[in-house]
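First the structure, in the form of structure tokens, and then the observations on it.
The values are calculated or read from the model by the stated rules, or taken from the named source; none is laboratory data. A quick note: this is a predicted structure, and the numbers were derived from the prediction, not measured. Note that we place each Cβ from the backbone using ideal geometry, even for glycine, and neighbour counts take in every protein chain shown. Side chains are part of the model used for accessible areas, which takes the heavy atoms of the whole protein and leaves out ligands, DNA and RNA. Shrake-Rupley method; radii C 1.70, N 1.55, O 1.52, S 1.80 Å.
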Amino acid sequence: MRLGRRGLIAVLVAAPLGGAAWAQTVAGRRGEPDLWFDPTQLPSFTGTVERYLPNPRGEVDGLIFKEGPQVVFPPDVAEAVRRDAPTGKSVIIWGIRARRAPVITMLAFAPSSDSTPVVVDRFYWRLGGRAAQEGSPLLRLSGTVKQPYYTPQGDVAGAILDDGSVVLVPAAAVDTVQDMLKSGQALAASGPGREGPDGRALLAQQLGPAPDALQPLPGLQR
């Protein structure tokens, strides 16, 4: 992964740029005006997309670099990101890296350095897809934890299994089960979620080291 240490503050104070277009929003690809600031002043991160991450609502709102870090973005830009950066391809992300963990909040992206950066229409500061939709089916997952799943702020919010399945944990229970969410741990989970082309994701109601050792999460209302 390559990190550019250019200041975030520049994007907040930059004057409008004249001449050629420097950036566009996802909406701008549908014919709206290009942006007035240059997103390449932001810190940059380059990596190869290993896989896209689903959430319990059946949306895609993140990816993993083969180099390790996670990237989060709003679900409504997932299609545009995937078009520019299919699995196995390199992508440049401009954004903000959390202090505590290898997770990047995407603010702009491009498939290469000679492509026009595309700026997301809104910043994904919260995991909007953390909760499953009402009526979601009950799923069961098990496997080995590849790495913790992080919030944009770098807090542990669950686990990503080796097969790409995502186990999210309610915020009220995370502190009591963090040891189960570390890389290399055997983990099983059940709870409401969705299964789709990008894999499976659930919001855990029960966790354990194996499918036959599931226990209700502490701190949740019965």
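Worth pointing out:
- All positions within region 131-157 that are crowded, with 20+ Cβ neighbours inside 10 Å and more than 14 Å from PRO69 (Cα to Cα): ALA132, LEU139, LEU141, VAL145, ALA157
- Positions within region 124-147 being at pLDDT 95 or above and of a type in the set (S, T, N, Q), in sequence order: SER142, THR144, GLN147
- The number of residues in region 159-210 being more than 20 Å from SER136 (Cα to Cα) and in contact with a Ser or Thr (Cβ under 8 Å, 6 or more places away or on another chain) comes to 7.
- Residues (farther than 20 Å from LEU187 by Cα, touching a residue at least 60 places away in the same chain (Cβ under 8 Å) and either out of contact with any Ser or Thr (no Cβ under 8 Å at 6 or more places or on another chain) or surrounded by fewer than 16 Cβ atoms within 10 Å (Cβ to Cβ) (or both)) located in region 109-130: THR116, ASP121, GLY128, GLY129
- Taken over region 97-108, the residue count meeting the criterion of being in a strand (DSSP E or B) and either touching a helix residue (DSSP H, G or I) at 6+ places or on another chain (Cβ under 7 Å) or open to solvent by 50 Å² or more (accessible area, probe 1.4 Å) (or both) is 3.
- For region 61-91, filtered to residues that are under 21 Å from THR116 (Cα atoms) and assigned to a loop (DSSP other than H, G, I, E, B), the residue that is most open to solvent (accessible area, probe 1.4 Å) is LYS89.
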